[in-house]
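What follows is a single structure, written as structure tokens, with notes after it.
The values are calculated or read from the model by the stated rules, or taken from the named source; none is laboratory data. Keep in mind it's a predicted model, so treat the numbers as computed, not measured. Every residue, glycine as well, gets a Cβ built from its backbone with ideal geometry; the counts of neighbours run over all protein chains shown. Note: accessible area is taken over every heavy atom of the protein model, side chains too, but ligands, DNA and RNA are not part of it. Shrake-Rupley method; radii C 1.70, N 1.55, O 1.52, S 1.80 Å.
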Amino acid sequence: DTAVSQTPKYLVTQMGNDKSIKCEQNLGHDTMYWYKQDSKKFLKIMFSYNNKELIINETVPNRFSPKSPDKAHLNLHINSLELGDSAVYFCASTLSGANVLTFGAGSRLTVL
Amino acid sequence: TQLLEQSPQFLSIQEGENLTVYCNSSSVFSSLQWYRQEPGEGPVLLVTVVTGGEVKKLKRLTFQFGDARKDSSLHITAAQPGDTGLYLCAGVGGSQGNLIFGKGTKLSVKP
């Protein structure tokens, strides 16, 4: 069983489109994250949710909207995609206070 | 916001060689973590160092936390092609107490 699973793994789309990436964890963790890894491999936090509540929202365009229907799921919806959104998006989870992250395998988004 | 600087950025060596990767900051961290990321996968935790001066060993990998808890190093003895990957250090230090990552060291070990 995969601990943190993301879908889709690859996503190729045109500028201006809207797309979603889904994440689920079966570890019983209460905190989930979205990280963006750019072409230079820099891993930067975007959002964090704890028990379905948003607790971290770094400087991210409001075209990005996370949604957590329950503490095992954190989805990321992106509106009006731009070329600069091309990156690998990683979902991660942890137990609050532990600060040790379990990552998914990533979702590579390519905007043409 | 605290920053973590990693060096070198890239490292290409032959199988059997030794290497050291560094993670430095001007800020004190309560702990530092090291992750390894292989192509097409997410980062995987290798170790957490907590106490200043602490040394932890994981087979051929030796991790050290600086006495002042501002830096850490990863030493690999007799590197193997399976060690190839992106090595990331991370510490709690974001504006909201989140985990922040260094920019990573991309290691390539050639047979």
*For A:E53, state whether it is touching a residue at least 40 places away in the same chain (Cβ under 8 Å), more than 10 Å from chain B (Cβ to nearest Cβ) and among the acidic types (D, E).*
no
_Quick check on region A:31-41. Is at least one of its residues surrounded by fewer than 19 Cβ atoms within 10 Å (Cβ to Cβ) and of a type in the set (A, V, I, L, M, F, W, C)?_
no
*When both residues are 6+ apart or on different chains and their Cβ atoms are under 7 Å apart, which pairs have a first residue that lies in region B:48-63 and is within 14 Å of chain A (Cβ to nearest Cβ), and a second that is open to solvent by 70 Å² or more (accessible area, probe 1.4 Å) and modelled with pLDDT of 95 or more?*
B:V49/B:K56
_Output for region B:68-101, where each listed residue is facing chain A (nearest Cβ under 9 Å), touching a residue at least 24 places away in the same chain (Cβ under 8 Å) and not in a strand (DSSP E or B)_ = B:G94, B:S95
*Please tell me if B:N18 is open to solvent by 70 Å² or more (accessible area, probe 1.4 Å) and polar (S, T, N, Q).*
yes
_Long-range neighbours under 7 Å by Cβ, at least six apart or interchain, first residue among the β-branched types (V, I, T) within region A:73-84, second open to solvent by 50 Å² or more (accessible area, probe 1.4 Å) and not in a strand (DSSP E or B)_ = A:I78/A:D18
*All but one of (1) open to solvent by less than 90 Å² (accessible area, probe 1.4 Å); (2) over 16 Å from B:H75 (Cα atoms) hold for B:E5; which doesn't?*
(1)
*asked:* I need the full set of residues from region A:30-57 which are within 20 Å of A:A98 (Cβ to Cβ) and assigned to a loop (DSSP other than H, G, I, E, B), in order please.
replied: A:D30, A:N51, A:K52
*Could you list all residues from region B:26-62 that are within 13 Å of the chain's Cα centre (by Cα), buried (at least 21 other Cβ atoms within 10 Å of the Cβ) and assigned to a loop (DSSP other than H, G, I, E, B)?*
B:P43
*Scan of region A:85-107 for residues that are away from chain B (no Cβ under 14 Å) and either modelled with pLDDT under 95 or open to solvent by less than 40 Å² (accessible area, probe 1.4 Å) (or both), ordered by number*: A:D85
*Looking at (1) open to solvent by less than 40 Å² (accessible area, probe 1.4 Å); (2) over 23 Å from A:S96 (Cβ atoms); (3) small (G, A, S), find the lone condition where B:G82 falls short.*
(1)
*Quick check, is B:K106 away from chain A (no Cβ under 14 Å) and open to solvent by 40 Å² or more (accessible area, probe 1.4 Å)?*
no
*Hey, can you tell me all the residues within region A:68-84 that are at pLDDT 95 or above and either within 13 Å of chain B (Cβ to nearest Cβ) or part of a strand (DSSP E or B) (or both)?*
A:H73, A:L74, A:N75, A:L76, A:H77, A:I78
*asked:* Looking at A:V12 and the list (1) within 14 Å of chain B (Cβ to nearest Cβ); (2) in a strand (DSSP E or B), which single condition is not satisfied?
replied: (1)
